[in-house]
1. Stick to the Cα atoms of the stretch 72-145, pair each with every other, and give me the Kirkwood hydrodynamic radius in Å at one decimal.
2. What FRET efficiency do you get for VAL114 and THR45 if R0 is 45 Å and r is their Cβ-Cβ distance, rounded to the nearest 0.05?
3. Taking θ = phi - 60°, what integer Hz values does the Karplus form 6.51 cos²θ - 1.76 cosθ + 1.60 yield along the stretch 88-98, in sequence order, with x for Gly and Pro?
4. Mind listing which trypsin sites (Lys or Arg not before Pro) in the stretch 1-108 are in a DSSP loop and have 13 or fewer other Cβ atoms within 10 Å?
5. As I understand it, the dipole of the stretch 114-160 uses +1 on the Cβ of Lys and Arg and -1 on the Cβ of Asp and Glu, about the Cα centre. Which of ALA126, ALA148, LEU138 lies farthest toward its positive end?
6. Measuring from label point to label point, each 7 Å out along Cα→Cβ, what is the HIS137 to GLN67 span in nm?
7. Could you give the dipole magnitude of the stretch 83-141 about its Cα centre, charging the beta-carbon of Lys and Arg +1 and that of Asp and Glu -1, in debye to the nearest 20?
8. If the chain between MET124 and ARG161 were fully stretched, how many nm would it gain, using 0.36 nm times the residue separation less the Cα-Cα distance?
Amino acid sequence: QFLRRLVGAVGGAAGKQLFETSGGNPLYLRELVLASITSGSLVETSGIWRLAGRLRTTAALSEVIDQRLAGVDATALPALELLALCQPVGIVDLEAVAPLEALEQLERLGLLVVTSDDRRQQAMLAHNLYLEAIRDHLPTLRVRAVLAGQIARTEAHGARRRVDPLRLATWRLD
């Protein structure tokens, strides 16, 4: 509704991407729309707004996200990096890179969401914008190290889940 009043009719794929990335937060949504229009990644064609590239953020939104992440204890950073590159991630794998107290802090701060998948608990970042902000700050060799660690942990668990072969291949390519 907010988006329709701001820019007019929005294509289904663009609307879905904007909602998922903003997490339904009106401030985030507004900033995503403005930055994406300015960058040319959100364009109007025949009266309908469509994505013509990757969603962009404004400097103001990046500052808000960076401030949220700046308050995180250093022991929690490896968990944020792992989530940004490999989510969803099992709690056992997160505990391999960060102490439980650090994970609890992330959950209390609203940066981490824990869900249950059958008998397994998994975690994801609360907003895709956190994912993008963390990825943007990771050096190439750190990305490589985080992915290599997750590949080793997944293989050590036996890579038994149906999605594991695809995830392992994707991480290796990345």
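Read the figures in this text as sums done on the coordinates, not as results from a lab. Keep in mind that this is a model prediction, so the values were computed, not measured. Neighbour counts run over all protein chains shown; Cβ positions are idealised from the backbone, glycine included.
1. Details: mean 1/r = 0.0819 Å⁻¹.
About 12.2 Å for the stretch 72-145.
2. Calculated transfer efficiency: 0.65.
3. Along the stretch 88-98, the couplings run x, 10, x, 4, 4, 5, 5, 5, 6, 10, 8 Hz.
4. ARG54
5. Value computed over the given set: ALA148.
6. Taking the simple label geometry, HIS137 and GLN67 are separated by 1.5 nm.
7. Taking the Cα centre of the stretch 83-141 as origin, the dipole is about 60 debye.
8. Result: 11.6 nm gained on full extension.
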